[in-house]
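A short write-up of the structure that comes next.
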Amino acid sequence: MISIQNVSKWYGDFQVLSDCSTEVQKGEVVVVCGPSGSGKSTLIKCVNGLEPFQAGTIVVNGTSVGAPKTDLPKLRSRVGMVFQHFELFPHLSITDNLTLAQRKVLGRKEDEARTKGLALLDRVGLSAHAAKFPGQLSGGQQQRVAIARALAMDPIAMLFDEPTSALDPEMINEVLDVMVELAREGMTMMVVTHEMGFARKVANRVIFMDRGAIVEDAAKDEFFGSPRSERAQAFLSKIL
Ligand code: ADP
Ligand code: MG
């Protein structure tokens, strides 16, 4: 579903990604971890074309992200992205947040978009909040709305960038629970997170990045059992 081959990226003279390669199969859940500044966000932004890269190829469901002819807005509409900060539209109700892109990007009719949005809102346990505005919800609730909003676009894959790291501790699990359920239903997911409990529960593989490179790309049990690199070992010993 996602193929990343020899991707490098520079900001001026600074190499932010160096020769990154990995693949995510359909239905696979891949957790990406590593120290702050190691290039995790940059890598997943490259996957849905939010950041350009200068070398290598990324192919998502048969579409080459870097190719000049690629319709990036169309690709982005099929790859759900959930960020650390929920990025809901503050001036729109929860219902409107859930329906706007369905109508504007996918051309769905108001009724259809609303039915779909409300079904997903129910699925993340928030059907009572449809008429509220984002500011009236807790951080954990807003992040669940953001996930529902991404799912409303019928994504072929979901990318998460530290979706729980801005949340108060008591709200982390309500968001992770939604993500676990999604993983178990077979969604293809790349998840930047340091929530190793989540990784242990649902990840197929764990990627460890350091200084722009993929230092380790291993099956979950292998990663937690005996990480090959010293850097991954040191990182794990700090966060576990
Ligand atoms: P991570 O998500 O692992 O913390 P990032 O992908 O956000 O890492 O950043 C990787 C590196 O690239 C960091 O050193 C960061 O300072 C640098 N960086 C990120 N965005 C930019 C930018 N727009 N211009 C220059 N450097 C950047
Ligand atoms: Mg980041």
Exercise for the section: Go through A150, A146 for me and flag whichever is within 13 Å of the chain's Cα centre (by Cα) and farther than 24 Å from I4 by Cα. Expected result: A146
Exercise for the section: Test F53 against the criterion of being within 30 Å of F198 (Cβ to Cβ), in contact with a Lys or Arg (Cβ under 9 Å, 6 or more places away or on another chain) and within 14 Å of ligand 1 (Cβ to nearest atom), and give yes or no. Expected result: yes
Practice task
Grab the helices (runs of 4 or more DSSP H) fully contained in segment 17-133, keeping just those with 2 or more residues being at pLDDT 95 or above, closer than 30 Å to A218 by Cβ and open to solvent by less than 40 Å² (accessible area, probe 1.4 Å).
Solution key: 40-47
Problem - Residues within segment 203-216 that are within 18 Å of A183 (Cβ to Cβ) and either open to solvent by 50 Å² or more (accessible area, probe 1.4 Å) or touching a Cys at 6+ places or on another chain (Cβ under 9 Å) (or both), tallied - result: 3
Handout entry: Elements of type helices (runs of 4 or more DSSP H) in segment 143-240, at least 1 residues being under 30 Å from L118 (Cβ atoms) and touching a Leu at 6+ places or on another chain (Cβ under 6 Å)
Key = 196-202
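The values are calculated or read from the model by the stated rules, or taken from the named source; none is laboratory data. These numbers were taken from a predicted model, which means no experiment stands behind them. Methodologically, a virtual Cβ is constructed for each residue, glycine included, from the backbone with ideal geometry; neighbour enumeration extends over all protein chains shown. Accessible surface areas use protein heavy atoms only, side chains included; no ligands, DNA or RNA. Shrake-Rupley method; radii C 1.70, N 1.55, O 1.52, S 1.80 Å.
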